[in-house]
Amino acid sequence: MNPILEQISLLGIVPVIALDNVEDALPLAKALYDGGLPCAEVTFRTTAAEEAIQIMTEAYPDMLVGAGTVLTTEQVDRAMNAGAKFIVSPGFNPKIVSYCVSKNIPITPGCSSPSDIEQALEHGLEVVKFFPAEASGGLAKIKAMAAPYTKIKFMPTGGINAKNLNSYLEYKKIIACGGSWMVNKDLLKAKDFNGIKKLTEEAIHLMLGFELRHIGINTNNENEATSVADYFDKMFGFSKIVGSSSIFAGSGVEVLKSPYLGKNGHIAVQTNDVKRAMYHLSKRGVEFDMNTANYDNNGSVKTVYMKDEVGGFAIHLIQK
C-alpha cells in the first residue's frame, strides 16, 4: 500500500474540514494535532481551502494534510503546490485519476458502484473513497461490493459519526473513515478549538476502545500461584482455570506460576486494533518491546508489551 495510505490506515480517522475563514486554519490544525489526529482533508468547497492547506503544512510539516472535493486537474496542482499530501474526489473522474496516477499523487476517488471500482482497478488503485457512505447503503453495501473485488479497500465518508465509526472499522477492508463530527460547523463558527481538541481525543479513545482485560500477579512457583488463585476463589467466587504457565481466577485475575515481566506482574489492556493503538500510543512517547509480540495467522500483532512499567506492573495490549 502507498505509504500515505498506510499512514491514513494507522490513524483510522480522517477529519473532513470545510473552512470558510483562513484565520481558522492554524488553530484548527493545532487542535487536531494536539488532540492526536495530525491529519485533515481540507475540502475545496470553499475559497479558503488552498491557503488553509499551505498554512497547516507550513506550521506542521509532519501533519498529513490532503485536499478533498477536488473536481479539476487545476485544483490538483493548486492543492499539491500548497503542500497537500493526497487528493480526494467525490466521484470517479477518469481525467483527474489518470492525472494523479501519472504524477504519483495518492488519490482516493469516490466510488459507490461496481463500475466505479472496476475503473479504479483499471487505473491501478488500491483504495477508494466510498461516498456518500450512509446514503449509498453503508457498511452492508461495502461488504456486498467488496466480495468480488478482493484487492480493493475502502475509506467511507459521509454520515460517519461516533455511533457508527467502529462498526465500519471492524471490517478489515476499510482502512479508515472520513468524518466531520469532531470539527463540526458550530464549533468552528464559535472558534471553540478546545472543544474540537476534546472531541478529537474522544474520537481516538472511542476508536481504540481501550478496556482492562485482566491483572497478572507474579508468584515464585506453582504452589504459591495456586494459593493466590484459591484466595480469590474462596473470597469472591472467582473460579480457577488452570493453564500451563498461569492460573486464572475468573477472567480478571491471572496468577503466574513463575515471575514474568513487571516487578509485581502485568496489566492487560484490550483494544479494537493493536497495530493502530501502537501507532497512536507511540505518538505519546510509548515504546514497545517487539520481542514480546505475538502474531495471528495473518501476521498482525495480537499481543505486545510496552517497555516501561507503571507502578511495578508491565503493561501489554491484547487484540479484542
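The values are calculated or read from the model by the stated rules, or taken from the named source; none is laboratory data. As the structure is a computational prediction, the values presented were derived from the model and not from experiment. Using ideal geometry, Cβ is built from the backbone for each residue, glycine included, and neighbour counts are taken over all protein chains shown.
Quick notes on this one:
- Helices (runs of 4 or more DSSP H) wholly inside region 1-115 that include at least 3 residues being of a type in the set (S, T, N, Q): 73-82
- Exactly one residue out of Tyr279, Tyr305 is within 30 Å of Leu10 (Cα to Cα), touching a residue at least 24 places away in the same chain (Cβ under 8 Å), outside the structural domain of Leu10 (by TED's automatic domain parsing) and touching a His at 6+ places or on another chain (Cβ under 8 Å): that is Tyr305.
- Region 202-225 residues that are closer than 18 Å to Leu317 by Cα and in contact (Cβ under 8 Å) with a residue 24 or more places away in the chain, paired with ones that are of a type in the set (Lys, Arg) and surrounded by 16 or more Cβ atoms within 10 Å (Cβ to Cβ) (beta carbon under 7 Å, 6 or more apart): Leu208/Arg276
- Pick from region 138-172, criterion more than 21 Å from Ile17 (Cβ to Cβ) and among the aromatic types (Phe, Trp, Tyr), ranking: surrounded by the most Cβ atoms within 10 Å (Cβ to Cβ): Tyr149
- Leu32 being buried (at least 19 other Cβ atoms within 10 Å of the Cβ), among the aliphatic types (A, V, I, L, M), touching a Pro at 6+ places or on another chain (Cβ under 7 Å) and over 19 Å from Lys191 (Cα atoms): no
- In region 250-272, residue surrounded by the most Cβ atoms within 10 Å (Cβ to Cβ) [restricted to those that are in contact with a helix residue (DSSP H, G or I) (Cβ under 7 Å, 6 or more places away or on another chain) and closer than 25 Å to Val14 by Cα]: Thr271
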